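The values are calculated or read from the model by the stated rules, or taken from the named source; none is laboratory data. What you see is a predicted model; the values in this text were computed from it and never measured. Glycine also receives a Cβ, built like all others from the backbone with ideal geometry; neighbour counts cover every protein chain displayed. For the accessible areas, the whole protein counts, side chains as well, though only heavy atoms, and no ligand, DNA or RNA atoms are used. Shrake-Rupley method; radii C 1.70, N 1.55, O 1.52, S 1.80 Å.
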Amino acid sequence: MSRRGAPAATAAYVLHHHDWSESSLILDLWTREHGRIAAVAKGAKRPHSQLRCVLLPFQRIQILLGGKPVRRDDERTPAQQEAAPDLHLLRSAEWAGGGAMPSGAALLAGFHLNELLLRGLARQDAHPRLFDVYAATLPRLAPHDEAQTAAALRAFELWLLRESGVLPELDRVTLTQVAVRTDVRHGLHPDTGVYPLPDGAAGLGGATLLALQSAMNAFDLGALQQTCQGALPELRAQLRHLLHYHLGTSMLRTRALMVEVQKLMD
């Protein structure tokens, strides 16, 4: 335990970083207690800095922050000040466990998770349950199992939308509050929520929606991923529309990169 009044260590992941100066970095950190924060890691670029091998993406770390935010000063460009208006000082960081760095398609999937957090969450807005979902999702990004990776991504996207307060209750038609029917397919609209589709239309089956809602209510990430894996094409289309709308973009950068990589492979 920390001394009374001393800053406490917190679990974190590095989402993104860019240069602060010739020797230091500005980090976008995803923490369990404080949400997404910006911090300066002074001296992290120096050859013998102990931080160089610790401040890596997708690796859980324990960080200790300085007591006061770092003030804007002449070291930062206007663009850096805009990107990180309230900088914390990173006093220390230690590796806190985790698997090997993802590779191939799993690496792109990991960057997709990070982009969703960077675009979808405000700074200083803690979401401890979403943090735990992120930590549990990373090991599911398998380089040689496309379906497992896709299911893990869809489950995380659902949790992100839910934590952001924009995901409707999936077990009922939003406008009428009537329970979804298992023999009817439904769509997800950013404004009107869950709505029934005419016969023959592509969408999510009522049984799938009920199972998704039940898994989230129980905080059962395994059941949520399993349900997602059984409806990947339909779920991908519905969630992509919701994400683009609420994140204010026509295509995520990582999605565009995935498309280009697939073209090269084909």
Accessible area (Å², per residue) of the range 77-215, counting only protein heavy atoms and a probe of 1.4 Å: 47
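Ignoring ligands, DNA and RNA, please state the percent of accessible area on the range 127-250 from carbon and sulfur, probe 1.4 Å.
Reported share for carbon and sulfur atoms: 50 percent.
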Using r as the Cβ-Cβ distance of Q50 and D125, and R0 as 35 Å, what FRET efficiency do you calculate, to the nearest 0.05? 0.70
If we sort 220-229, 148-157 on the protection proxy, mean other Cβ atoms within 10 Å, highest first, what's the order? 148-157, 220-229
